[in-house]
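Student: Supplied in structure tokens, the structure appears directly below.
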Amino acid sequence: MAQNPHGEAPARPFLPARGRRALSFVTAGVLAAAGVVALAGNAQAVGALGDAAAAKGRYFGTAVAANHLGEAAYASTLDAQFDSVTPENEMKWDAVESSRNSFSFSAADQIVSHAQTKGMKVRGHTLVWHSQLPGWVSGLSATELRSAMNNHITQVMTHYKGKIHSWDVVNEAYQDGSSGARRSSPFQDKLGNGFIEEAFRTARTVDAGAKLCYNDYNTDGQNAKSNAVYDMVKDFKQRGVPIDCVGFQSHFNSNSPVPSDYQANLQRFADLGVDVQITELDIEGSGSAQAANYTKVVNACLAVTRCTGLTVWGVTDKYSWRSSGTPLLFDGDYNKKPAYDAVLAALGGSSGGGDDGGEDGGGTGACTATYSQTSTWNGGYNGEVTVKAGGSGITTWTVPVTVPSPQKVSAVWNGTPTTSGDVMTVRPAWNGTLAAGASTSFGFTVTTNGNTSAPVVGACTAS
Ligand code: G3I
């Protein structure tokens, strides 16, 4: 029988989540390029799935393991496809604080640094979890444990302050089954029900710019477990406990299929006033059946306004925690699977066009947009987007750009921006004609206001 993330049988009945935080912009004027620092090097591509999702106001991420980043095909697929990453294990307690108050961030830093270089956002996973917890934690007294928990949250969030769009502050605190009860853990057993609230309150004091999420599995449809989480979130919102988002892990297989009320369940949480995110998506299977299930999940997220993004739990089947179930979008040789095409299509993208790193090519239409950070200083940076025509000439183009709050765009050059909601759409400042394969660029200046995350540059649309 298929198992849930903890090796347990899935709860029966198995009835059955945007990471982009609220964004704001100033509408910037068109400035002359004169005086702007030289635009050079450090090209950063935002990928095909990421581009397509960005055009829908979402991110599309993947779990990443630091020890695979040196594998060329792994890195190129990652870089070509995704605009958000979640360290699969490298930010967990046992990885960053195996000895009390002695922190080691090197593996997680490697992922964050890679993401930043490539213009990707980062989800933080996870601060307080009963699993992958070093032995010393469970030996503490209640008083010591409270202190250790708050110190852990503070140290880790401080290290990554401004670099994480959403944090899984507490992970998997509820039991499976019909009880709706909390899971036994050192935190629950010694600190009682209040530990979750305390963790969120501490987290808010450390990085007010990060979205704070509760994350769990088997909560993807309405059931006793998701009802219990729902009641907690409702209570938190009513009492002003700082929670911004709920993560739905969405590990599916034939025994734990995509619930029929998946979208409705996401919506009822969103209606509480939190964002919802699909955080660890994988669906065992193959071919059209697997593809159809992925389509259901993507469509559900797109149908829920506050579903801010999706993350699949790995790049390739061969490194999946459930590799025998081939649950991901790329096979072991990094070939795109039908599930990949289905996801891209559901996001409104297309598989035709240039090379996006996967075997059967791909792209997002008649033009591409590639982001580079061209200079940075204390409090700001300049970005450049190169717009390149595909195999045919184009007469004009548009590119959406979002910068994470509280960043502000203060200037745009070689392009005309218009702002709608959280998206700054840039058009040519004058003649937008590009011959086949020709390129042009526009640039912008951003005031970071403490958040140094890279902007997300969406898909180029040509006509
Ligand atoms: O890195 C060591 C290696 O040095 C050692 O030789 C090997 C021997 O077992 O273990 C390796 O570490 C493993 C690690 O994955 C990296 O591969 C751990 O044993 C293994 O337990 C760990 O599994 C991770 C699992 O969480 C642990 O609970 C999976 O990679 C990771 O995908 C999985 O992710 C969880 C989410 O965090 C929370 N939701 C469920 C999800 C799936 O279980």
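Any read-out appearing in this document is the output of simple, stated calculations on the displayed coordinates, not a laboratory observation. Every value quoted in this text rests on a predicted model; they were computed, and no experiment measured them. No Cβ is skipped: glycine too gets one built from the backbone with ideal geometry, and neighbour counts run over all protein chains shown.
Student: Which loop chymotrypsin sites (Phe, Trp or Tyr not before Pro) in the stretch 374-442, with loop taken from DSSP, have no more than 11 other Cβ atoms within 10 angstrom of their Cβ? Walk me through the numbers on the way to the answer.
Tutor: Numbers: sites: W377, Y381, W397, W413, W430, F442; in loops: W430.
Taking the stretch 374-442 and a limit of 11 other Cβ atoms within 10 Å, the loop chymotrypsin sites (Phe, Trp or Tyr not before Pro) found are W430.
Student: Still on this structure, I have one more. What are the residues whose amide H is under 5 Å from the amide H of T62, where those residues sit 5 or more places off or on another chain and H is modelled from the backbone?
Tutor: Those lying under 5 Å, H to H, from T62 are S84, V85, T86, V312.
Student: Next up: Starting from 0.36 nm per residue, how many nanometres of slack lie between N67 and A345 once their C-alpha separation is accounted for?
Tutor: Numbers: separation 278, 0.36 × 278 = 100.08 nm, distance 3.09 nm.
Fully extending the segment from N67 to A345 adds 97.0 nm.
Student: Pop out the ³J(HN,Hα) list for the stretch 205-214 in order, Karplus 6.51 cos²θ - 1.76 cosθ + 1.60 with θ = phi - 60°, rounded to Hz; leave Gly and Pro as x.
Tutor: Along the stretch 205-214, the couplings run 5, 8, 9, 5, x, 8, 6, 9, 10, 9 Hz.
Student: Find the centroid of the Cα atoms in the stretch 198-219 and in the stretch 395-458, then give the distance between the two in whole Å.
Tutor: The two parts, judged by their Cα centres, are 31 Å apart.
Student: Packing-wise, with mean Cβ within 10 Å as the measure, how do 183-192, 95-104 rank, highest first? All intermediate terms of the calculation are to be shown ahead of the outcome.
Tutor: Numbers: 183-192: 17.0, 95-104: 14.3.
In decreasing order of mean packing, 183-192, 95-104 become 183-192, 95-104.
Student: For the chain, which cysteines have no second Cys with its Cβ under 4.7 Å from theirs?
Tutor: none
Student: Using a basic spin-label model with each label point 7 Å from the Cα along Cα→Cβ, how many nm lie between D231 and E144?
Tutor: In this crude label model, D231 to E144 measures out at 3.4 nm.
Student: Then there's this: Counting only DSSP beta bridges with both residues in the chain, tell me the antiparallel percent, nearest 5. Don't skip to the answer; put the middle values down first.
Tutor: On the way: 45 of 82 bridges.
Antiparallel bridges: around 55 percent, rounded to the nearest 5.
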